[in-house]
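The structure under discussion appears below in the form of structure tokens.
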Amino acid sequence: MQLNALLQSLELRPSAQRTGHFGLFNCLIIGHSKHDGIQRVYCDPFPKKLFYGRNRQDLALVRPPGIEPGGFVLAPDSVWYCRVLLLFSFSAMTDTGSRSFDCALVSVMERYEGPLASGNYLNYLSYLTYLTNDAIK
Amino acid sequence: MHAAHACLVPVNYFITSLFSYLQKDGKPPSHLRAADFRHFLLILPFALDNLFKEEVEKYNRGRVQGRPALVDPSEELVGVSNTFVSWYKLYRRTNPPKGPQDVHTVTSQGARLLDMFRTVFPYRNKKGRLIMDTEKVHSIKHCGLEIGNYANPMNTSSDGPDGGHKLWVKGQGGNTNQGPSVSFSMMQQCVHKEASQLLCEAVQARVEDGDTDEEWLDDKGRPLRADRWWYAGESPEQGNSRHGPCMGIRVNIWERAKTRRHLEHYLEGGGVNGYDALRHESILRGDAGKLGKYDILAFLPDKVARFLYEYHDFRFQRLDLPPIPDDRSEFDLHAALRPDQVVVHQKLFDLFELFDVKRLILIIVTTCS
């Protein structure tokens with residue numbers, strides 16, 4: 001019920017096409033107040049809206065939150081590996097009025113340790129067994 | 001004021017202090033309520049009696065010859081206030097209920113009162129309108145019609161909500177920890193609280209970022225360059241080898257991302273509000289209509305609600321959300337709230353993270369452009 005109440009606080013907004021709660025964008029531009037230039041992160045996930053003929057969803061490394069001041073070391077295992085799934089914006093009616101939120105939905109990629117993981121042949125075989133049994137049934 | 005007459009309403013210290021306040025500040029004190037003004041209304045005819053007598057006599061004694069003598073307006077003012085009190089008493093009478101004759105009396109008395117206002121107060125303001133030609137005074141003209149439509153005037157009175165608003169919204173500002181010297185309304189307190197929260201977030205970002213001269217190190221403890229390019233290999237012609245190889249990957253500049261508060265972000269594509277918009281009710285099956293099917297959309301409403309709960313719960317105090325403890329190690333945010341309409345496999349759910357773009361602390365885009 002509380003999730004529904006939070007969703008009810010979302011406001012409808014017009015876009016170039018339709019009116020809805022989530023405004024869709026295809027590019028996040030990251031600028032800097034001291035350095036020139038910008039970075040672009042593209043995200044075009046919809047099958048009927050392609051970016052130069054394909055669905056482009058950029059990869060990004062994200063500095064995880066909660067690191068102590070000055071303690072961040074850039075290393076392969078100190079960042080999160082993400083794929084940008086959606087760039088969107090919405091506004092919600094808060095206690096003090098309407099507030100807009102620009103958001104990025106990303107998938108956090110984690111080390112795969114399942115039965116098909118590299119070198120895990122025993123599990124790989126058992127997985128094949130399951131598939132075979134399913135096929136027989 | 002000389003209380004020469006036996007007034008049924010006591011002229012106590014409270015009332016005299018009000019007149020002192022009026023004389024000093026030119027307006028009534030803010031703690032006065034509508035009931036207080038009704039109290040003053042009852043003593044108004046007594047207060048007006050011979051109110052200007054001494055001033056008028058003094059003026060007439062010292063007036064230049066040839067100028068007409070002033071007439072004390074106190075009698076007229078008493079007449080106006082008496083008519084007004086008479087009209088008001090009937091207008092607010094609830095028992096016995098007003099009949100058609102009473103409505104007629106209220107209407108005729110109101111018309112007479114407006115005529116008296118025009119003749120006793122013939123003065124105009126800067127806009128050229130009579131000083132008594134205000135919206136509130138004009139409403140006297142229509143009071144008979146309103147009684148005919150809505151019966152008791154209390155049915156259209158906002159005294160209750162007004163008083164409640166004054167007491168519970170405006171007045172409660174003084175009960176906050178801002179101190180009695182800054183008695184903001186609750187609305188102002190909320191705005192200030194939001195501003196404080198934003199300031200705290202900015203300070204927190206500054207603390208997390210450390211000093212602006214913070215050096216980022218690689219996994220061997222060497223400072224990272226602010227270059228846009230890193231090269232694989234060790235040969236000088238391939239680049240500056242002092243900083244080590246980077247597998248030949250084109251890595252974008254982390255110097256820009258070192259200090260979050262210097263980052264600026266914009267969402268682009270399709271105009272100010274985007275190239276399209278989706279309603280949260282219609283995407284629970286991942287169907288984006290003419291944009292096609294995108295399964296991830298099914299998770300979006302739930303993730304957005306949980307994002308608001310986790311990072312912006314203080315903005316939704318009206319929803320009485322469960323409090324989030326400071327130590328979240330043993331607190332399951334996903335279990336704290338349960339949706340009715342969305343059922344998501346928890347393991348799949350954990351794969352997704354929603355970021356406020358401001359929280360994208362470091363994005364190093366590895367694109368093959």
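Computed from the coordinates by the stated procedures, all read-outs in this text should not be read as laboratory data. A quick note: this is a predicted structure, and the numbers were derived from the prediction, not measured. Quick reminder, even Gly has a Cβ in these numbers, built from the backbone with ideal geometry, and neighbours come from all protein chains shown.
Given axes a ≥ b ≥ c from the Cα gyration tensor, I'd like to know whether the stretch A:41-94 is rounded (a/c under 1.5), prolate (a/b larger than b/c) or oblate.
Taking the square roots of the gyration eigenvalues as a ≥ b ≥ c, the stretch A:41-94 is oblate.
Among A:Lys34/B:Lys303; B:Lys58/B:Lys141; A:Lys48/B:Lys258; B:Lys27/B:Lys53, which pairs are too far apart, with a Cα-Cα distance over 30 Å? Please list the in-between numbers first.
Numbers: A:Lys34/B:Lys303 34 Å; B:Lys58/B:Lys141 39 Å; A:Lys48/B:Lys258 37 Å; B:Lys27/B:Lys53 24 Å.
The answer is A:Lys34/B:Lys303; B:Lys58/B:Lys141; A:Lys48/B:Lys258.
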Gap separating the Cα centres of the stretch A:1-67 and the stretch B:72-98, nearest whole Å
66
Can you work out the FRET efficiency for the pair B:Ser74 and A:Asn4, with r the C-beta to C-beta distance and R0 = 51 Å, to the nearest 0.05?
0.20
Give me the distance in nm between label points sitting 7 Å out from Cα along the Cα-to-Cβ direction at B:Lys24 and B:Asp162, one decimal.
2.6
Quick one: grab the alpha carbon gyration tensor of the stretch A:1-104, order the square roots of its eigenvalues as a ≥ b ≥ c, and give me rounded if a/c is under 1.5, else prolate or oblate depending on whether a/b is larger than b/c.
oblate
Nitroxide proxy distance, nm - points 7 Å out along Cα→Cβ at B:Glu310 and B:Glu264:
3.0
Report the trypsin sites (Lys or Arg not before Pro) located in the stretch B:18-101 that are in a DSSP loop and have at most 16 other Cβ atoms inside 10 Å of their Cβ, or state none.
B:Arg33, B:Arg63, B:Arg92, B:Arg93
If each of B:Glu57 and B:Ser108 carries a label point 7 Å out from its Cα toward its Cβ, how far apart are those two points in nm?
3.9
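Shielding by partners for A:81-88, please: the mean number of other protein chain Cβ atoms within 10 Å of each residue's Cβ. Please list the in-between numbers first.
Working: counts 1, 5, 0, 4, 8, 9, 5, 9.
Across A:81-88, the average partner-chain Cβ count within 10 Å equals 5.
Across the residues of A:49-61, average count of Cβ atoms on other protein chains within 10 Å? Intermediate results must be reported in sequence, preceding the final value.
On the way: counts 9, 0, 1, 0, 0, 0, 2, 1, 0, 4, 5, 8, 9.
That works out to 3 on average.
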Could you give the length gained by full extension between A:Ser78 and A:Ser100, i.e. 0.36 nm per residue of separation minus their alpha carbon distance, to one decimal place?
4.8 nm
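Arrange the following residues from fewest to most other Cβ atoms within 10 Å of their Cβ: A:Asp58, B:Asp25, B:Asp36.
Values: A:Asp58 18, B:Asp25 9, B:Asp36 15.
Ranking A:Asp58, B:Asp25, B:Asp36 by Cβ neighbours within 10 Å, fewest first, gives B:Asp25, B:Asp36, A:Asp58.
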Return the average number of partner chain Cβ atoms within 10 angstrom of each residue Cβ along peptide B:308-317.
4
